[in-house]
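Participant: Below are the structure tokens for one structure; questions will follow.
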Amino acid sequence: MKIKLLFLCFFASFLANAQQPELQFFRPNSKLGLNVFETSKTDTVIFDGIKVRIGGDFAMQFQGLNQSNTADNLVELGTNFNLPSANLNLDVQLLDGLRMHLRTYLSSRNHNETWIKGGHIQIDKLDFVRKGFLEGIMRYTTLTIGLDEFNYGDAHFRRSDNARAIFNPFIGNYIMDSFSTEAFGEVTIQKSGLLFVIGASNGKLNQNVVVTNSSDNKPSLYGKLGFDKQLKNDLRFRLTGSFYLNKGTTTGTWLYGGDRAGSRYYSVLHTQPDSQGNSQGGSFDGRFNARFTKLTALQINPFIKYKGLEFFGIYERASGSNTFTQPIVDKEGAFTQVAAEFVYRFGTDEKFYLAGRYNSVKGKARESATSDLEIKRMNVGGGWFISKNILAKLEYVNQEYMGTAWTGRFAGAEFNGINIEAVISF
């Protein structure tokens, strides 16, 4: 493993310094891609043949967290390095206005082995049908088809995608982490600052064609409506609202559990072995997923950048509608997530930043619950872009499981401390 990681670091250094080809309608995988959401419809690159862009992401954390709970049965966390994570990115300009993306996780917390995260085709022109075909429509329209992350909400543009952590001002993602890789197709329309997205996925994280008596295979529908415009040279305003809808009982449960790479806060909420040698804990602790089987989710995201000051927010409501008859007649409940993130960027080319984030989740897994489950997290930190491809960041995090509704290892649970992360993306 050490030899492999050393080779990857040398390979990354070589590629980062090599001349990478420019691609059409592409989000740069570097500091240049900060605050890019949907790719622009401005065509600034001339197509002169197939271009292959090989990129990568590498991230390593130094973690120093403490934790406790009411039962006093959590493992003791030391101060040390986490296992590094790595991505391999392949982007290919195949035709004029047609591009392919493929991301491979070389190493992640939850999977040490190499495996494909997902990929898609992005179509911004239909000249491969006939020169100028539907040019008036495609000037504002993008078609995306594949098995990859789909465009629900704006938070997934700022999160860490395994080792691609260069767009995230903090170490961890949000508590309810809306991210999944499913077979999907979507249409995006952008004109004069207005944004419209409509799409559908098959609602499955793990693909399977076998039909059983319990399979319903219902698709998920999702969409987004918003406004995004540079109002002045130093003022940008964006506001979007997104929805995700699935009424199946065997699909649609992955919106907040689709990231198979694992949580950034390693070994939090893991218990010590009991008298039978059994322990609890997994790669995803620190996040929350209600796993509603019939899910309706709404997310509202404001984003404002004035000079060096940025604000990004989340108001999200995730509710279930599945009913149960055992042990009593009951129905899935609902959870509300709120997040407010402030970032102040300064220095030459805004290469330094200070940031703070508040994130909370509150609600009931079942309507019959007498009290709410609640999680609160506070992050404070900062970062330094050593170059457009290299970021070093530091944060303090405090996460608490509030109220009397939590049981077992989560009752009275809290973790806090310092994390340092080094990121390379190109």
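The values are calculated or read from the model by the stated rules, or taken from the named source; none is laboratory data. Because the structure is a prediction, the values reported are computed rather than measured. All Cβ positions, glycine included, derive from the backbone under ideal geometry; neighbour counts span all protein chains shown. Keep in mind that these areas ignore ligands, DNA and RNA; they rest on the heavy atoms of the full protein, side chains included. Shrake-Rupley method; radii C 1.70, N 1.55, O 1.52, S 1.80 Å.
Participant: Test residue 340 against the criterion of being surrounded by fewer than 21 Cβ atoms within 10 Å (Cβ to Cβ), aliphatic (A, V, I, L, M) and over 28 Å from residue 163 (Cβ atoms), and give yes or no. Before you say what the answer is, go through the steps one by one.
Facilitator: Numbers: surrounded by fewer than 21 Cβ atoms within 10 Å (Cβ to Cβ): yes; aliphatic (A, V, I, L, M): yes; over 28 Å from residue 163 (Cβ atoms): no.
It is false that residue 340 is surrounded by fewer than 21 Cβ atoms within 10 Å (Cβ to Cβ), aliphatic (A, V, I, L, M) and over 28 Å from residue 163 (Cβ atoms).
Participant: Is it true that some residue in segment 196-209 is open to solvent by less than 10 Å² (accessible area, probe 1.4 Å) and among the β-branched types (Val, Ile, Thr)?
Facilitator: Yes; the residues of segment 196-209 include at least one that is open to solvent by less than 10 Å² (accessible area, probe 1.4 Å) and among the β-branched types (Val, Ile, Thr).
Participant: Could I ask something else about it? For segment 172-189, enumerate the residues that are farther than 20 Å from residue 254 by Cα and buried (at least 20 other Cβ atoms within 10 Å of the Cβ). If you could, list the steps in order and put the result at the bottom.
Facilitator: First pass over segment 172-189, keeping only residues farther than 20 Å from residue 254 by Cα: 187-189.
Selection gives 188 alone.
Participant: Quick one: how many residues across segment 373-426 are closer than 26 Å to residue 85 by Cα, of a type in the set (Val, Ile, Thr) and touching a Ser or Thr at 6+ places or on another chain (Cβ under 9 Å)?
Facilitator: The number of residues fulfilling the criteria is 4.
Participant: Further, regarding this structure: Does residue 228 satisfy the condition of being part of a strand (DSSP E or B) and of a type in the set (D, E, K, R)? Spell out how you get there, then give the answer.
Facilitator: Numbers: part of a strand (DSSP E or B): yes; of a type in the set (D, E, K, R): yes.
For residue 228, the condition - part of a strand (DSSP E or B) and of a type in the set (D, E, K, R) - is met.
Participant: Report, by residue number, each residue of segment 306-340 that is in contact (Cβ under 8 Å) with a residue 12 or more places away in the chain and part of a loop (DSSP other than H, G, I, E, B).
Facilitator: 307, 308, 321, 322, 328
Participant: May I ask you to list the residues in segment 341-380 that are of a type in the set (Gly, Ala, Ser), touching a Gly at 6+ places or on another chain (Cβ under 7 Å) and not in a strand (DSSP E or B)?
Facilitator: Residues of segment 341-380 of a type in the set (Gly, Ala, Ser): 347, 355-356, 360, 363, 365, 368-369, 371.
The next check asks that each one be touching a Gly at 6+ places or on another chain (Cβ under 7 Å); those that pass are 355, 363, 365, 369, 371.
Scanning segment 341-380 gives 369, 371.
Participant: Inspect all residues belonging to segment 180-192 and state whether any of them is out of contact with any Phe, Trp or Tyr (no Cβ under 6 Å at 6 or more places or on another chain) and in a loop (DSSP other than H, G, I, E, B).
Facilitator: The answer is yes, given that some residue of segment 180-192 is out of contact with any Phe, Trp or Tyr (no Cβ under 6 Å at 6 or more places or on another chain) and in a loop (DSSP other than H, G, I, E, B).
Participant: In segment 133-180, how many residues are on the phi > 0 side of the Ramachandran plot and either of a type in the set (A, V, I, L, M, F, W, C) or modelled with pLDDT under 95 (or both)?
Facilitator: Number satisfying all stated conditions: 1.
Participant: Could you check, for segment 380-400, whether at least one of its residues is open to solvent by 70 Å² or more (accessible area, probe 1.4 Å), modelled with pLDDT under 95 and over 17 Å from residue 170 (Cβ atoms)? Show your work before the answer.
Facilitator: Looking only at segment 380-400, we keep the residues that are open to solvent by 70 Å² or more (accessible area, probe 1.4 Å), and these are 380, 384, 386, 388, 394, 396.
Keeping just the survivors that are modelled with pLDDT under 95 gives none.
Looking through segment 380-400, none of the residues is open to solvent by 70 Å² or more (accessible area, probe 1.4 Å), modelled with pLDDT under 95 and over 17 Å from residue 170 (Cβ atoms).
Rundown of residues vs (1) open to solvent by less than 80 Å² (accessible area, probe 1.4 Å); (2) farther than 30 Å from residue 67 by Cα; (3) under 23 Å from the mean Cα position of the chain (by Cα); (4) touching a residue at least 12 places away in the same chain (Cβ under 8 Å), yes/no style:
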position	(1), (2), (3), (4)
215	yes, yes, no, yes
231	no, yes, no, no
245	yes, yes, yes, yes
259	yes, no, yes, yes
271	yes, no, no, yes
285	yes, no, yes, yes
297	yes, yes, yes, yes
304	yes, yes, yes, yes
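Participant: Pairs only if they're at least six apart or on different chains, beta carbon under 6 angstrom, first in segment 136-164 and within 19 Å of residue 228 (Cα to Cα) and among the acidic types (Asp, Glu), second assigned to a helix (DSSP H, G or I) and open to solvent by 10 Å² or more (accessible area, probe 1.4 Å); list them, first residue then second.
Facilitator: Qualifying pairs under 6 Å: none.
Participant: Show the residue pairs that are 6+ apart or on different chains and have beta-carbon atoms under 6 Å apart, the first residue being within segment 51-75 and hydroxyl-bearing (Ser, Thr, Tyr), the second being open to solvent by 50 Å² or more (accessible area, probe 1.4 Å).
Facilitator: 68/414
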